[in-house]
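The values are calculated or read from the model by the stated rules, or taken from the named source; none is laboratory data. Owing to the predicted nature of the structure, the values given are computational and were not obtained by experimental measurement. Please note: Cβ atoms are built from the backbone with ideal geometry, for glycine as well, and neighbour counts cover all protein chains shown.
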């Protein structure tokens with residue numbers, strides 16, 4: 001069988017998809033990028049918010065339409081979070097689907113995909129197996145220099161707006177040795193230059209394991225691998241960012257001082273209604289601690305606007321805090337009510353039109369802040385990882401930039417560098433609010 005994969009949602013889906021592709025390849029199947037050449041296409045779906053659900057359904061429908069016009073080929077299977085949360089609804093809504101396969105191990109998904117080739121399969125475990133063990137081999141996208149490595153899945157936090165614990169279950173960490181084996185393979189055998197650690201909540205890593213290792217312990221273990229690469233950590237949960245973890249960011253050579261910490265809001269009443277474990281004063285204290293201990297830290301956060309009870313006063317608290325905190329990067333999302341969550345039943349709903357206006361206001365505010373902070377680097381020399389170097393594009397990223405979501409550095413001169421190299425660049429020009437241009441120093 002020749003199979004394709006369409007990946008939607010967050011980087012955790014990227015990591016899962018790589019494991020699933022590898023599991024199918026080990027069973028003798030061929031991965032192809034072109035739908036026209038595929039016998040089957042897997043759509044790895046997202047179910048976090050309504051827009052993500054809609055995107056997943058649209059992608060499935062588009063493939064099913066293609067299948068209808070091409071003699072029933074390729075067969076289409078929905079996998080991932082949407083398939084886990086709504087297996088029978090999804091199957092009823094789109095009868096053209098050949099399989100609806102929820103969250104389970106990559107090996108089990110591969111087996112169920114094979115079964116879906118001959119008869120329709122609908123599968124969803126009550127307690128899903130959302131992790132995988134040591135993978136000394138996995139699919140690697142040769143078009144990029146970074147790879148996402150999932151260190152845990154599931155979540156024990158009970159934010160009132162989030163449905164993820166309902167269909168992913170409680171927090172489950174992988175062992176340090178299994179993660180270490182995977183990272184060693186990626187950097188030693190595949191030449192990957194940036195390892196990005198992901199989970200629903202990376203800073204809670206290890207709490208469920210018998211020996212109670214911490215994220216700091218994992219960082220130290222990966223830092224001992226003898227290759228030249230960056231370690232980046234995403235999705236730190238605010239209340240579990242410890243002094244021990246901050247020490248690891250200062251001691252470990254390979255981890256970049258980049259802190260992705262979704263705070264979600266900064267009004268205390270809204271934070272309590274969200275079920276968050278930190279109020280604004282504690283958030284300020286954490287930000288101060290990070291910037292005192294690691295002055296060069298780049299901090300990204302995300303916030304939600306339009307949450308129930310968010311009036312003008314609460315929204316003003318949010319914008320004032322953003323102005324004061326001066327985050328390097330910030331993502332802003334409109335509240336999306338999810339069935340089964342406590343927030344869905346809260347009174348004082350915010351009209352969608354007002355939520356959109358607030359999203360636009362926060363975006364404009366953050367663009368101004370990002371622009372001012374970016375300008376501070378003009379004239380400086382920084383270490384840059386080369387991501388693209390061809391006729392169409394010559395660019396890379398500093399430690400301050402996560403791939404796909406932050407800014408880039410464009411190279412204004414030709415030099416003998418190649419993709420994956422770490423180079424020194426003198427930053428000479430700002431492009432927009434986040435991007436920079438510079439000269440590669442030989």
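The residue list 154, 169 contains one member that is in contact with a helix residue (DSSP H, G or I) (Cβ under 9 Å, 6 or more places away or on another chain) and within 21 Å of residue 11 (Cα to Cα), which is 154.
Taking the listed residues 378, 330, the one that is touching a residue at least 12 places away in the same chain (Cβ under 8 Å) and surrounded by 15 or more Cβ atoms within 10 Å (Cβ to Cβ) is 330, with no other qualifying. Set side by side, the residues 238, 257 differ, and just one is under 27 Å from residue 386 (Cβ atoms) and either in contact (Cβ under 8 Å) with a residue 24 or more places away in the chain or outside the structural domain of residue 276 (by TED's automatic domain parsing) (or both), which is 257.
Go over the candidates 327, 307 one by one and state the one that is part of a loop (DSSP other than H, G, I, E, B), assigned by TED's automatic domain parsing to the domain that holds residue 157, at pLDDT 95 or above and within 28 Å of residue 82 (Cα to Cα).
307
Of all residues in the stretch 154-162, one or more are buried (at least 17 other Cβ atoms within 10 Å of the Cβ), touching a strand residue (DSSP E or B) at 6+ places or on another chain (Cβ under 6 Å) and over 26 Å from residue 386 (Cα atoms). Listed here are the helices (runs of 4 or more DSSP H) enclosed by the stretch 34-148 that have at least 3 residues being under 15 Å from residue 16 (Cβ atoms): 81-85, 106-116.
The residues listed here are 296, 339, 357; of these, the one that is in a helix (DSSP H, G or I) and more than 22 Å from the chain's Cα centre (by Cα) is 357. A residue that is assigned to a helix (DSSP H, G or I), more than 23 Å from residue 228 (Cα to Cα) and modelled with pLDDT of 95 or more occurs somewhere in the stretch 374-384. The set of residues from the stretch 285-305 being more than 15 Å from residue 369 (Cα to Cα) and in contact (Cβ under 8 Å) with a residue 12 or more places away in the chain comprises 286, 287, 289, 290, 293, 294, 296, 297, 303, 304, 305.
Yes/no per residue for (1) closer than 19 Å to residue 99 by Cβ; (2) within 25 Å of the chain's Cα centre (by Cα); (3) surrounded by fewer than 22 Cβ atoms within 10 Å (Cβ to Cβ); (4) modelled with pLDDT under 95:
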site	(1), (2), (3), (4)
29	yes, no, yes, no
37	no, no, yes, yes
67	yes, no, yes, yes
71	yes, no, yes, yes
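When we screen 332, 350 for residues that are assigned to a strand (DSSP E or B) and modelled with pLDDT of 95 or more, the only hit is 332.
Would you call residue 100 at pLDDT 95 or above and crowded, with 21+ Cβ neighbours inside 10 Å? Answer is yes for this residue. Checked against (1) more than 30 Å from residue 396 (Cα to Cα); (2) without any contact (Cβ under 8 Å) to a residue 60 or more places away in the chain; (3) touching a helix residue (DSSP H, G or I) at 6+ places or on another chain (Cβ under 9 Å), residue 107 passes all but condition (2). So for the stretch 186-198 (the condition being modelled with pLDDT of 95 or more, in contact with a strand residue (DSSP E or B) (Cβ under 6 Å, 6 or more places away or on another chain) and within 22 Å of residue 83 (Cα to Cα)), does at least one residue qualify? Yes: one or more hits. Only residues that are without any contact (Cβ under 8 Å) to a residue 24 or more places away in the chain, within 27 Å of the chain's Cα centre (by Cα) and in a loop (DSSP other than H, G, I, E, B) were counted in the stretch 405-437, giving 0. Mind checking whether some residue in the stretch 16-29 is out of contact with any strand residue (DSSP E or B) (no Cβ under 9 Å at 6 or more places or on another chain), over 29 Å from residue 181 (Cβ atoms), not in a loop (DSSP other than H, G, I, E, B) and not assigned by TED's automatic domain parsing to the domain that holds residue 339? Looking through the stretch 16-29, none of the residues is out of contact with any strand residue (DSSP E or B) (no Cβ under 9 Å at 6 or more places or on another chain), over 29 Å from residue 181 (Cβ atoms), not in a loop (DSSP other than H, G, I, E, B) and not assigned by TED's automatic domain parsing to the domain that holds residue 339.
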